[in-house]
Amino acid sequence: MNCKHRAVLIVTKAVEGTSTSIANQRVELACGEPAGHPGTHHDKRRDERWEDRGPELTHLLRHVDEP
Ligand SMILES: [Zn+2]
């Protein structure tokens, strides 16, 4: 029985020549640890970890700088 906690990872990217950034990728994560595990949730496929913030869906932001 797995934890099944879910989160959404939103990858943002700077718009060239401006100070704004746009979301260019949305990745759904699912924890693959056993149910009731201690510590952070962990999506083993993407190797992403996130804190438990209660029953609400967690949104993670990741900014990526690309040339
Ligand atoms: Zn978990």
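Tabulated results
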item	result
Selection count where residues are assigned to a loop (DSSP other than H, G, I, E, B) and either touching a residue at least 40 places away in the same chain (Cβ under 8 Å) or within 13 Å of the ligand (Cβ to nearest atom) (or both), scope segment 56-67	3
Hits in segment 15-47 (condition: at negative phi and small (Gly, Ala, Ser))	Ser19, Ser21, Ala23, Ala30, Gly32, Ala35
Those residues of segment 1-14 which are surrounded by 11 or more Cβ atoms within 10 Å (Cβ to Cβ) and either within 16 Å of the ligand (Cβ to nearest atom) or free of Cβ contacts under 8 Å to residues at least 24 places away in the same chain (or both), in sequence order	Asn2, Cys3, Lys4, His5, Arg6, Ala7, Val8, Leu9
Hits in segment 23-33 (condition: more than 10 Å from the chain's Cα centre (by Cα) and acidic (Asp, Glu))	Glu33
Cβ-Cβ under 7 Å pairs, at least 6 apart or on other chains, segment 20-33 side within 10 Å of Val8 (Cα to Cα) and touching a residue at least 24 places away in the same chain (Cβ under 8 Å), far side among the small types (Gly, Ala, Ser) and part of a strand (DSSP E or B)	Leu29/Ala7
Among the candidates Lys4, Lys13, residue that is in a loop (DSSP other than H, G, I, E, B) and either of a type in the set (Lys, Arg) or at pLDDT 90 or above (or both)	Lys4
Residue list for segment 39-63, restricted to those being more than 13 Å from the chain's Cα centre (by Cα) and modelled with pLDDT under 90	Gly54, Pro55, Glu56
Where Gly36 falls short, out of the listed (1) loosely packed, with under 14 Cβ neighbours inside 10 Å; (2) more than 16 Å from the chain's Cα centre (by Cα); (3) away from the ligand (no atom under 16 Å from the Cβ)	(3)
Among residues of segment 16-52, those that are closer than 16 Å to Asp65 by Cα, in contact with a strand residue (DSSP E or B) (Cβ under 6 Å, 6 or more places away or on another chain) and in a loop (DSSP other than H, G, I, E, B), counted	0
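The values are calculated or read from the model by the stated rules, or taken from the named source; none is laboratory data. Given the structure is predicted, the values throughout are model-derived calculations rather than measurements. Cβ: placed from backbone, ideal geometry, glycine included. Neighbour counts: every protein chain shown.
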